[in-house]
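Below is one structure, written out as structure tokens, with a few remarks after it.
The values are calculated or read from the model by the stated rules, or taken from the named source; none is laboratory data. All values reported here derive from a predicted model rather than from experimental measurement. Note: ideal-geometry Cβ built from the backbone for every residue, glycine included; neighbour counts use all protein chains shown. Please note that ligands, DNA and RNA were not included when accessible areas were found on the heavy atoms of the full protein model with its side chains. Shrake-Rupley method; radii C 1.70, N 1.55, O 1.52, S 1.80 Å.
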Amino acid sequence: MNQPVTSESYAAQVRRLADLTERVSAQRNEANTWYEQQCASARQAVAEAEDQVRRAERELSAARELQERVEAEVRLLWQQLRGRFRSAERRTGGPPHPVDGAAGDPLPMLAAVRDLLARTGQPGELPGSVNPLLAACGVVGALVTYALGTVARTAGEGYGGDLAVGLPVLALVVTLLGPLVGLIPAKVFADRRHAVLGPRPMAVVVGAGLLTTVLLLTVAR
């Protein structure tokens, strides 16, 4: 037969049950706290991931806008280059394409290219080293006009009449224009050098032509 449970043993079992219940409750509370912490961490991670995704989307959109802007600027600069240097497209093909792995901000690079094209497109002054050629243009202009004037005077003397009066005057006018005639080949030379025929080169041409004309008129007397 089973022995009856004493009050003392029953009380001990009740205490143990209470202890077990308290421990289970503490573990449950601890598990709930851990679960809430994990959920909070997960929610924070999701929010941070969503923020990173939105930031990445904004950066991607800005990068695409920058790419379109750069490509449009490159096409425009390439057209300007082709306009100034006709052989550029034949030598190098079409406009350059993006390079993988390229680093750096393209906007300062494009600004530097625009500045270079602007400075390249502006004609500069002829250097002093071409002064002998400019002087030669003045001398040749004076010689040509003096020769034409001589032909006109000779023709006037040969035909006589009104031509004998008018042609010498025309010959003198043509001869006096000699220093200015040299500016024509000098301008052609400057254009081929993509330069400006400024005051200094013009003075060299006119001075050489004037000196030549004076010498020719002096010798002819």
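How do the peptides 181-187, 126-132 rank, highest first, by the average count of neighbouring beta carbon atoms within 10 Å per residue? Could you put the intermediate results ahead of the total?
Numbers: 181-187: 20.9, 126-132: 13.3.
So the order, starting with the most tightly packed, is 181-187, 126-132.
Note on residue 76 and residue 214: their simple-model spin labels are 5.4 nm apart, each label 7 Å out from Cα toward Cβ. Divide the volume of the convex hull around the Cα atoms of the range 129-220 by the residue count and you get 81 Å³ per residue.
For the range 129-220, the per residue solvent-accessible surface stands at 57 Å², with DNA, RNA and ligands left out and a 1.4 Å probe. Peptide packing: for 14-20, 136-142, the average count of neighbouring Cβ atoms within 10 Å per residue gives the ranking 136-142, 14-20, highest mean first. Each label point was placed 7 Å from the Cα along the Cα-to-Cβ direction; for residue 111 and residue 25 their separation is 7.2 nm.
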